[in-house]
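The values are calculated or read from the model by the stated rules, or taken from the named source; none is laboratory data. Here the structure is a predicted model, which means the values were calculated and not measured. Note that we place each Cβ from the backbone using ideal geometry, even for glycine, and neighbour counts take in every protein chain shown.
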There are 4 protein chains.
Amino acid sequence: MDQPEFKPKDERYADRVRDSFARQGAMATIGASLGDIVPGRVVIELAWAAGLSQQHGFLHAGMVATALDSACGYAGFTLMPAGAGVLTIEFKINLLAPAKGQRFRMVGQVIKPGRTVTVTEGRAYAIDDGREKLIATMGATLITITGRDDVKN
Amino acid sequence: MDQPEFKPKDERYADRVRDSFARQGAMATIGASLGDIVPGRVVIELAWAAGLSQQHGFLHAGMVATALDSACGYAGFTLMPAGAGVLTIEFKINLLAPAKGQRFRMVGQVIKPGRTVTVTEGRAYAIDDGREKLIATMGATLITITGRDDVKN
Amino acid sequence: MDQPEFKPKDERYADRVRDSFARQGAMATIGASLGDIVPGRVVIELAWAAGLSQQHGFLHAGMVATALDSACGYAGFTLMPAGAGVLTIEFKINLLAPAKGQRFRMVGQVIKPGRTVTVTEGRAYAIDDGREKLIATMGATLITITGRDDVKN
Amino acid sequence: MDQPEFKPKDERYADRVRDSFARQGAMATIGASLGDIVPGRVVIELAWAAGLSQQHGFLHAGMVATALDSACGYAGFTLMPAGAGVLTIEFKINLLAPAKGQRFRMVGQVIKPGRTVTVTEGRAYAIDDGREKLIATMGATLITITGRDDVKN
């Protein structure tokens, strides 16, 4: 995955990501925690749990998508101005292999930032018996929302 | 959404969907329940909950995707032979509007069944103060797995 | 495919589509012509040609996508204000069956119009020995561009 | 973009790509030529032409997709066994910037090869006044077809 260098518009980008992440009830429900936060790139980690599984015991594709979508959304959010909100317009996920493992690492990366539209990519890795394996890729398009009280931060 | 008529390969299709759904820990976690199950079409319903929200209080896009992915997967599963398992290869979701509402209804529909590859579409509706609104569309590609003990039903 | 009723912002929407279509060199190259133009819905037709084929003689997936993308883009364009330009942000296409036929009909339909972002869906049909068959579905996201001289109409 | 090393199943992979490419009428129509062919990675190049343009004079998104789809498809094809055919099941393209330039370079890369399903990614670059710029990303899912006379090579 390309990792271009980006300059954030707001120095407090990491704090804004942490504040927003803490308000996502879904992240607490799936037991996700924030890893690295750098301009244009955010890592989210979580552990396998029975309550996140599909019928064969693998992590449900939707749960992989939930964590990857947040990673991509916050990757874009690091480059947005203070006071802006971020919404996902669309994302696509390819499930490369069953999500089998004890832990999972989701990496969201900005490919092309924009004033209105930001394009990101995500990679999901399963850690199974100590070996890390790429299990899913995501492409997500974000929109920057400004001037709306119900969609900020 | 087109709703062609399909003939199931296994008369017990609805029971197989219910059995498999009951094994998805993720469906219990998000409080989802099965609605209509007809050949090529499955409905899943859930209520809003703080534990499913993103930072603005809307249903998290990933949770919309989780329920839609199951609806699409089980829509395809109704047409698969007994003993087969279903896995999602990829899906794409367009978030048309913030997922704001008290209840949500997800409809999965087979567009093109196949021996190996099945293509489905999903629609997510929010019910907000009694009014139903289309909030997301999904396209999901499924694969039929046969002869693998770890991926059946 | 849902076909909601839409009210155009500019009564000259059909003329604007025709003018813009006539400037797309790619449409002439693939031999495409405009069919129905109604608010939120545009049809494009083309004939099979050796110069549009992939290695097995079917219409190339990219050529199916080219005609569908124009159909979706112009479907969105019918609802945009005079002077605005339209660009595709992203599209996804599912190839349901090999594009085998003498003629092809592409239908673009707006699902959700918006001031900035418009979401559309496309359906591609092959007409093979007089029988019409759904061969591809597309989801395309458009952006309305205003105030840029190089991207209008 | 990750570039894992792959071992081809058939040593004649490059010749098979060239033979198949030469049969794609669409590649001749858009003036595309093959660049590098290595296991899991294929490059396709083309020049801007009025006959490939959309209404603003940029390369039509569908033409970008046509060349990228072939690059991705042939990237997957390099890893398939002799006698197999390749078909695209679905692809998604994000248009990051208007396709403005004199020449274009499309890179297709396998992310995850499989016996039945292969997942690939593509990158499209515009060369404008000597400067290369990333203008589009693609994710494409391929299927390996064996034992069908109408879909081989």
Open item on the list: Testing C:MET63 on (1) farther than 18 Å from B:GLY139 by Cα; (2) assigned to a strand (DSSP E or B), one condition comes back false. Which one is that?
Closed with: (2)
Task: Lone qualifier among C:GLY40, C:GLY51, C:GLY108, C:GLY57 - being modelled with pLDDT of 95 or more, touching a helix residue (DSSP H, G or I) at 6+ places or on another chain (Cβ under 9 Å) and on the phi > 0 side of the Ramachandran plot - done: C:GLY40
Task: The listed residue being more than 11 Å from chain D (Cβ to nearest Cβ) and under 30 Å from D:PHE77 (Cβ atoms), out of C:ALA61, C:ALA26, C:ALA65, C:ALA47 - done: C:ALA47
Task: Tally of residues being over 12 Å from A:ILE44 (Cβ atoms), in contact with a Gly (Cβ under 7 Å, 6 or more places away or on another chain) and more than 10 Å from chain B (Cβ to nearest Cβ) across the stretch A:68-112 - done: 4
Task: Tally of residues being more than 15 Å from the chain's Cα centre (by Cα) and farther than 24 Å from D:LYS92 by Cβ across the stretch C:48-82 - done: 7
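For every residue, the table says whether it meets (1) farther than 18 Å from B:ALA61 by Cβ; (2) surrounded by fewer than 23 Cβ atoms within 10 Å (Cβ to Cβ).
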| site | (1), (2) |
| --- | --- |
| A:THR29 | no, yes |
| A:ILE37 | yes, yes |
| A:GLY62 | no, no |
| A:ALA65 | no, no |
| A:LEU68 | no, no |
| A:CYS72 | no, no |
| A:PRO81 | yes, yes |
Open item on the list: Return the residues of the stretch A:90-107 that are out of contact with any Leu (no Cβ under 7 Å at 6 or more places or on another chain) and within 21 Å of D:ALA97 (Cβ to Cβ); say none if nothing qualifies.
Closed with: A:PHE91, A:LYS92
Open item on the list: Quick check on the stretch D:141-150. Is at least one of its residues over 10 Å from the mean Cα position of the chain (by Cα), under 24 Å from C:GLY85 (Cβ atoms) and within 14 Å of chain C (Cβ to nearest Cβ)?
Closed with: no
TODO: Can you tell me which residue within the stretch B:113-140, out of those that are of a type in the set (S, T, N, Q) and more than 9 Å from every other protein chain (Cβ to nearest Cβ), is nearest to B:PRO8 (Cα to Cα)?
DONE: B:THR118
- [ ] Return yes when D:PHE77 is modelled with pLDDT of 95 or more, closer than 25 Å to A:VAL119 by Cα and crowded, with 24+ Cβ neighbours inside 10 Å and no when it is not.
- [x] no
Open item on the list: Just checking, does the stretch B:1-22 include any residue being assigned to a loop (DSSP other than H, G, I, E, B), among the small types (Gly, Ala, Ser) and within 13 Å of chain A (Cβ to nearest Cβ)?
Closed with: no
